[in-house]
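Step one of this worksheet: look at the structure below.
The values are calculated or read from the model by the stated rules, or taken from the named source; none is laboratory data. Remember, it's a predicted structure, so these values are computed and weren't measured experimentally. Backbone-built Cβ (ideal geometry, glycine too); neighbour counts: all protein chains shown.
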């Protein structure tokens, strides 16, 4: 991270995405940091494959995908830092926070070798592909919601990121099928990776009031129409969704369980993408698990500290250094 | 905003039109056969008294060329006597490969890079099952930049830079880069 990106100033007059939209709400840094840290930590894990990929093309592909995530992380960290008092730079946030201040999902800090580290430090490509696929499908739904959401700065970042994430999803889903419906050993490893990883996705749907404020579509559309709109719609054009008004920030009295409705809507979008690909990959959906990790509240496993030690050591040894 | 014309010249004074043209003529750091203007990343120029601001949009969030582009634009402005100049990165509307000019597409093809398709909706990069892929629905209209055959296959979704994918021509057997539709 060499230089701070200029503020993505809202430009209501130039964006075709914002025809007359009222975007009054600004998401607090706590919410922005979740997506920033997800992008940063996932980028670091993908980047660990550089020079170690199973084939040259994949080595390059994962490095490029890591770079996309790093770019997204920079924009999000810069934005979060500007909202803080006193303001922080992207470097302050990336290099000088300790693990407990990170807001990424636990799923993304798990080592590339998988949860049980049975394959040692080399990394398990099956585990990497499963995580990459499940996460990019999830982020397609998240970016789409942020793009249509009430925060203009997040909508701008989402508008760029969603285009990249579509390519991530296509890359990941191709490999899900190639390896899942590949040889018997590759199938077994993919199924094992899926079973290891799936419990960690529970956290992705354990939502709170911030998600409700900034990931909801129009409350009524979320409760009634998400199944009709999102089923089978791989990368819906945001323009097809009604512009949210501000009423979703204070949930309507008649929507009794808005968090459950939001989680259900998000999961429906995710499943609509995943299910046809998993079916073709001949992988079977693991049975449900009750595991609930809390990385996004700063309660991380042991792996994040090790990851951060590598990510932050140079910047901390030479604070303020320029290169 | 029209997808073909991200830069508005009409309201600029002659001196600023010349500045904008100079900025648009800077070669892209990654693919020097095309200019920043061809690539469609120059989004505008504005002046307040002696202060000039150029707006640039990045192609990909993590594109490492963005910093290079920023410094080259500043150098160009300084060389033309603008002492108070700044480059602002704008994100919205997000860059689209449809903004690459027709001239730029021809230069890319001549350089051996297949230019992106005409449209960039989400549908064009949706996951497809094997039947759809084998029926050649992968990138409609994609042709080998060397022999112009339409019989091509994708080797890797990601090539030498984030904006390119690696393909192979099944007719002349040469691999080639494809500037991805975004």
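What to note about this one:
- Listed conditions (1) within 12 Å of chain B (Cβ to nearest Cβ); (2) buried (at least 24 other Cβ atoms within 10 Å of the Cβ); (3) closer than 22 Å to residue A:201 by Cα are all met by residue A:66, apart from (2).
- Residues in the range A:157-191 that are away from chain B (no Cβ under 13 Å) and closer than 13 Å to residue A:128 by Cβ were compared, and the one that is surrounded by the most Cβ atoms within 10 Å (Cβ to Cβ) is A:190.
- Enumeration of residues in the range B:77-88 that are surrounded by 19 or more Cβ atoms within 10 Å (Cβ to Cβ) and under 24 Å from residue A:71 (Cβ atoms): B:87
- Tally of residues being within 14 Å of another protein chain (Cβ to nearest Cβ) and either in a helix (DSSP H, G or I) or under 23 Å from residue A:33 (Cα atoms) (or both) across the range A:272-297: 9
- Unmet requirement for residue B:31, which otherwise passes all of (1) more than 14 Å from chain A (Cβ to nearest Cβ); (2) modelled with pLDDT of 95 or more; (3) crowded, with 21+ Cβ neighbours inside 10 Å: (2)
- Filtered residues of the range B:126-163 (kept if modelled with pLDDT of 90 or more and either crowded, with 21+ Cβ neighbours inside 10 Å or within 18 Å of the chain's Cα centre (by Cα) (or both)): B:144, B:145
- Among (1) within 12 Å of chain B (Cβ to nearest Cβ); (2) buried (at least 21 other Cβ atoms within 10 Å of the Cβ) - the single one residue A:102 does not satisfy: (1)
Yes or no, residue by residue, for (1) under 27 Å from residue A:147 (Cα atoms); (2) at pLDDT below 95:
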site	(1), (2)
A:166	yes, yes
A:185	no, no
A:200	yes, no
A:203	yes, no
A:220	yes, yes
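- Residue, farthest from the other protein chains (Cβ to nearest Cβ), within the range B:52-81, restricted to residues that are in a loop (DSSP other than H, G, I, E, B) and without any contact (Cβ under 8 Å) to a residue 12 or more places away in the chain: B:81
- Lone qualifier among A:92, A:59, A:85 - being more than 14 Å from chain B (Cβ to nearest Cβ), assigned to a helix (DSSP H, G or I) and surrounded by fewer than 22 Cβ atoms within 10 Å (Cβ to Cβ): A:92
- Near pairs, Cβ below 8 angstrom, 6+ apart or cross-chain, from the range A:300-323 (closer than 13 Å to residue A:100 by Cα) to any residue that is loosely packed, with under 13 Cβ neighbours inside 10 Å and at pLDDT 95 or above: A:300/A:100; A:308/A:98
- Picking from residues in the range A:46-56 that are surrounded by fewer than 24 Cβ atoms within 10 Å (Cβ to Cβ) and not in a loop (DSSP other than H, G, I, E, B), the one that is modelled with the highest pLDDT is A:47.
- Per-region count, the range B:82-92, residues within 14 Å of chain A (Cβ to nearest Cβ) and touching a residue at least 12 places away in the same chain (Cβ under 8 Å): 7
- Flag for residue A:97 being assigned to a loop (DSSP other than H, G, I, E, B) and either surrounded by fewer than 22 Cβ atoms within 10 Å (Cβ to Cβ) or touching a strand residue (DSSP E or B) at 6+ places or on another chain (Cβ under 9 Å) (or both): yes
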